[in-house]
């Protein structure tokens with residue numbers, strides 16, 4: 001019960017960017033960590049991690065545009081646009097720089113932030129994420145997903161989240177996965193499609209990751225079907241990024257939470 005209460009000791013905040021409401025949670029005091037969720041997730045995914053890291057840090061858990069309680073901008077959504085919104089949130093809070101921690105799509109946003117605002121980046125941590133762009137086949141899959149969403153958004157969300165977990169993980173984390181699906185079903189079709197297009201069209205940022213002037217880490221799952229481990233190993237060597245491997249799939253924060261928390265404590 002005490003842990004549950006601690007997890008909820010944060011302040012809900014709202015910031016308007018070009019008339020679009022951006023919601024985020026603020027917790028703790030000290031050096032700043034901005035946590036950026038992945039596709040079909042929201043800032044709520046970070047609650048257990050934030051409860052620990054906020055003991056020594058200020059943690060900002062942002063609902064990226066179209067997810068959680070944040071709105072969707074009228075203009076086309078891009079990784080650069082989302083990174084700019086994160087920068088504006090920091091400015092709104094009067095913070096000059098921060099460590100960025102991004103899961104999957106959140107990592108893409110963190111990389112865009114590093115490209116646009118390198119002097120504002122203290123550390124970069126990619127969790128089950130990569131600087132490489134979509135392959136041709138992945139882009140084709142994104143295009144097919146857009147067609148499915150137009151016909152049945154809820155069916156797509158249920159299928160997409162299910163595909164993030166192995167059969168063993170589904171059996172072990174049934175209730176948590178059900179909660180993740182239920183929350184994701186509230187995401188608007190506009191939010192889902194805008195994010196898919198932004199991921200499909202994102203840049204190759206391997207060179208950026210290699211040259212970014214800060215400490216950088218990538219946490220990879222050895223059984224990650226979305227970000228194959230061998231690909232992340234190659235990227236970490238190519239970009240001189242410290243690699244941390246965990247025996248898990250793509251959703252390490254959910255399936256291997258204590259291990260991820262311990263690792264983040266050692267990094268941050």
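Read the figures in this text as sums done on the coordinates, not as results from a lab. None of the values given here were measured: they were computed from a predicted structure. Neighbour counts are summed over all protein chains in view; Cβ atoms, including those assigned to glycine, are modelled from backbone coordinates with ideal geometry.
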* To do: Could you please tell me the mean projected area of the C-alpha convex hull for segment 10-89, averaged over all directions and given in square nanometres to one decimal?
  => 4.9 nm²
* **Label-point separation, residue 44 to residue 147 (7 Å along Cα→Cβ), nm** => 3.3 nm
* Only bridges with both residues in the chain count here: give the DSSP antiparallel percent, nearest 5. => 30 percent
* Structure fact -> From the Cα centre of segment 109-176 to that of segment 187-255, the distance in Å is 9 Å
* Structure fact -> Sorted on mean Cβ neighbours within 10 Å (highest first), peptides 25-34, 133-142, 204-213 come out as 25-34, 204-213, 133-142
* **Using a Förster distance of 30 Å, the FRET efficiency for residue 201-residue 170 (Cβ separation, nearest 0.05)** => 0.45
* Structure fact -> Most exposed to least, judged by fewest other Cβ atoms within 10 Å, 17, 108 sort to 17, 108
* To do: Quickly estimate the mean residue ellipticity at 222 nm for the chain, helices only: each DSSP H run with n ≥ 4 gives -39500 (n - 2.57), and the total goes over all residues, rounded to 500.
  => -14000 deg cm²/dmol
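At a Förster radius of 30 Å, what calculated FRET efficiency corresponds to the Cβ-Cβ distance of residue 29 and residue 243, to the nearest 0.05?
That gives a FRET efficiency of 0.45.
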* Structure fact -> Taking only Cα atoms of segment 2-267, the Rg to Rh ratio with Kirkwood Rh works out at 0.93
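Full-extension gain between residue 215 and residue 56, please, as 0.36 nm times their residue separation minus the C-alpha to C-alpha distance.
Full extension of this stretch gives 55.4 nm more.
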* Asked: Using alpha-carbon pairs under 8 Å, 6+ residues apart, how would you state the relative contact order of the chain in percent?
  -> 18 percent
* To do: Obtain the nm distance between the two label points defined at residue 154 and residue 188 by a simple spin-label model: each point lies 7 Å from its Cα along the Cα-to-C-beta direction.
  => 1.9 nm
* Structure fact -> If the chain between residue 75 and residue 229 were fully extended at 0.36 nm per residue, the gain over the current Cα-Cα distance would be 52.0 nm
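At a Förster distance of 22 Å, what's the computed FRET efficiency of residue 94 paired with residue 119, Cβ-Cβ distance as r, to 0.05?
Taking R0 as 22 Å, the efficiency between residue 94 and residue 119 is 0.85.
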